[in-house]
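Data block below; observations after.
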Ligand SMILES: Cc1cc2nc3c(=O)[nH]c(=O)nc-3n(C[C@H](O)[C@H](O)[C@H](O)COP(=O)(O)O)c2cc1C
């Protein structure tokens, strides 16, 4: 697949919505989560590099707890995966080429003890995947709106694994394919300012928007 944008700079369509306050790699800003997709299949050669990128994420004890289970739209598993999604998510994800369930192993391989950071580690892998997808011009859209319990059944989830999230991968399509209210939201979102999310020292004594301390 042709890399549509080498991401040497922030894309013009993104720049109207996002302006980072410091100089960072443009790919971080260019990644966003479109919902409009064509419904075309995505070949293994196109989506496997996303999992390759995920593989290089850091993790506690290099345990690499992430697991990616997938169904392509032409596979026998597609319907099972698709039926996990909430009604709202089905409305746009029906045009994905691949649906992914992101799972993490909750214990360390080397001693079987529970890992505090399995979700954190798998989140890092997910972001690698999303960034590589953005670099390749693919839609990669995270999904939390699905039936987690049913996912465990459909995937025959072993006891020491946790379902983290789903994701849709697809070929970018025209916003007109979306229901009107989704078309209106089909743009890169902004972010909280750094002053809301970065704290010098402890929570007490900082103005963090009035959040309660524990
Ligand atoms: C774990 C996770 C779950 C999400 N769940 C949904 C979802 O169920 N439906 C949806 O349309 N978008 C979902 N999103 C997309 C977020 O709404 C989106 O990432 C967020 O608004 C930031 O926008 P951006 O990704 O375009 O920068 C999810 C994203 C993540 C990372």
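Just so you know, all these numbers are worked out from the coordinates, no wet-lab data involved. Keep in mind that what you see is a predicted model, and the values were worked out from it rather than measured. No Cβ is skipped: glycine too gets one built from the backbone with ideal geometry, and neighbour counts run over all protein chains shown.
What nm value, rounded to one decimal, do you get for the distance between residue 159 and residue 204 when each label is placed 7 Å out toward the C-beta?
4.3
Specify the inter-centroid distance of the stretch 82-152 and the stretch 1-69, based on alpha-carbon positions, in whole Å.
Here the answer is 14 Å between Cα centres.
Between 177, 38, 12, which gets the highest mean-square fluctuation from a Gaussian network model of the chain, Cα cutoff 10 Å?
Most flexible of the set in this elastic network: 12.
Can you compute the FRET efficiency between residue 28 and residue 76 using 1/(1 + (r/R0)^6), with r the Cβ-Cβ distance and R0 = 45 Å? Round to the nearest 0.05.
The computed FRET efficiency comes out at 0.75.
Summing -39500 (n - 2.57) over the DSSP H runs of n ≥ 4 in the chain and dividing by its residue number, what mean residue ellipticity at 222 nm do you reach, to the nearest 500 deg cm²/dmol? Can you show the working numbers first?
On the way: 9 runs with 67 residues, N = 214.
Computed ellipticity for the chain at 222 nm equals -8000 deg cm²/dmol.
Can you give the FRET efficiency to the nearest 0.05 for residue 90 and residue 187, using r as the Cβ-Cβ distance and R₀ = 30 Å?
With a Förster radius of 30 Å, E is 0.85.
Where a ≥ b ≥ c are the square roots of the eigenvalues of the C-alpha gyration tensor, would you call the stretch 1-142 rounded, which needs a/c under 1.5, or, failing that, prolate if a/b is larger than b/c, or oblate?
oblate
Test of understanding: ordering 19, 36 by Cβ neighbours within 10 Å, fewest first, what list do you get?
19, 36
What is the stretch 79-214 by shape, rounded, prolate or oblate, if you read a ≥ b ≥ c off the alpha carbon gyration tensor as root eigenvalues and call it rounded for a/c under 1.5, prolate for a/b larger than b/c, and oblate otherwise?
Because a/c hits 1.5 or more and a/b fails to exceed b/c, the stretch 79-214 counts as oblate.
Taking springs between alpha-carbon atoms closer than 10 angstrom, which of 112, 173, 142 fluctuates most in the Gaussian network model of the chain?
Judging by the Gaussian network model, the answer is 112.
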